[in-house]
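Before any comments, here is the structure.
The values are calculated or read from the model by the stated rules, or taken from the named source; none is laboratory data. As the structure is a prediction and not an experimental result, all values here were calculated from the model. Cβ atoms come from the backbone with ideal geometry, glycine included; neighbour counts cover every protein chain shown.
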Amino acid sequence: MGSIATPEFEVLNSELTSKIDKILSENEYDASKLVGILLDIQDIVPKKYIPMDVAAYVASELNIPLTGVYDVITFYSSLSDKPRAENIINLCKSIVCRTNNYMDLQKSLEKILGIKVGESTADGKFALQYSACFGACDVAPAIKINQDVYGNLTEEKLEEIIKRYR
């Protein structure tokens with residue numbers, strides 16, 4: 001069995017390293033801010049994930065064990081160590097969204113995208129997943145596409161929103 005970090009899986013280059021260094025600097029190299037740091041880094045990595053070489057670099061720069069970084073990545077559903085779609089659609093299933101018929105929203109999204117929750121579109125443009133509350137209770141049911149939150153949704157509104165990301 002070979003090493004996990006083979007060349008085809010390595011994405012860390014000088015440009016990405018520079019961007020990661022900026023994120024780390026903005027967070028004062030504070031390991032207690034690891035979740036936010038990883039979310040920011042994940043947003044700038046192609047395929048929206050934290051590859052092994054990036055996780056190892058972050059661990060080294062924050063002077064924490066690599067296992068600590070992976071503990072965080074595997075604990076939070078908004079983080080991933082596997083390549084994902086270009087646009088991550090998080091469907092809130094908090095109690096507020098549940099009482100406001102989030103299942104109708106889910107059915108509409110599955111129809112529009114042609115996928116089920118937990119899947120990605122064949123073109124790699126969209127992934128649909130459940131999420132815990134992201135603070136949009138006032139417009140429930142809601143979705144979050146990457147960092148953009150949308151609420152008070154109908155199937156027609158969803159179709160318009162999805163078109164913006166195609």
Output the residue which, of all residues in region 112-166 that are of a type in the set (Lys, Arg) and in contact (Cβ under 8 Å) with a residue 40 or more places away in the chain, is surrounded by the most Cβ atoms within 10 Å (Cβ to Cβ). 144
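Out of 57, 70, 76, which single residue is without any contact (Cβ under 8 Å) to a residue 40 or more places away in the chain and of a type in the set (Phe, Trp, Tyr)? Show your work before the answer.
Working: 57 fails: without any contact (Cβ under 8 Å) to a residue 40 or more places away in the chain; 76 fails: without any contact (Cβ under 8 Å) to a residue 40 or more places away in the chain.
None of the others qualify; the one that does is 70.
Tell me, which helices (runs of 4 or more DSSP H) wholly within region 57-151 include 1 or more residues that are more than 24 Å from residue 38 (Cβ to Cβ)?
Details: elements: 66-75, 95-99, 102-113.
Filter on region 57-151 gives 95-99, 102-113.
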Could you tell me whether residue 78 is modelled with pLDDT under 95 and of a type outside the set (Phe, Trp, Tyr)? yes
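Looking at the structure I just gave you, is residue 105 touching a strand residue (DSSP E or B) at 6+ places or on another chain (Cβ under 7 Å), crowded, with 17+ Cβ neighbours inside 10 Å and within 30 Å of residue 162 (Cβ to Cβ)?
Details: touching a strand residue (DSSP E or B) at 6+ places or on another chain (Cβ under 7 Å): yes; crowded, with 17+ Cβ neighbours inside 10 Å: yes; within 30 Å of residue 162 (Cβ to Cβ): yes.
Yes; evaluated as a whole, the condition is true for this residue.
Does region 84-97 include one or more residues that are without any contact (Cβ under 8 Å) to a residue 40 or more places away in the chain, in the same structural domain as residue 142 (by TED's automatic domain parsing) and closer than 30 Å to residue 115 by Cβ?
Applying the first criterion (without any contact (Cβ under 8 Å) to a residue 40 or more places away in the chain) to region 84-97 yields 93, 95.
Narrowing the set further to residues that are in the same structural domain as residue 142 (by TED's automatic domain parsing) leaves 93, 95.
Pick out the ones that are also closer than 30 Å to residue 115 by Cβ and you get 93, 95.
Yes, there is a match, as at least one residue in region 84-97 is without any contact (Cβ under 8 Å) to a residue 40 or more places away in the chain, in the same structural domain as residue 142 (by TED's automatic domain parsing) and closer than 30 Å to residue 115 by Cβ.
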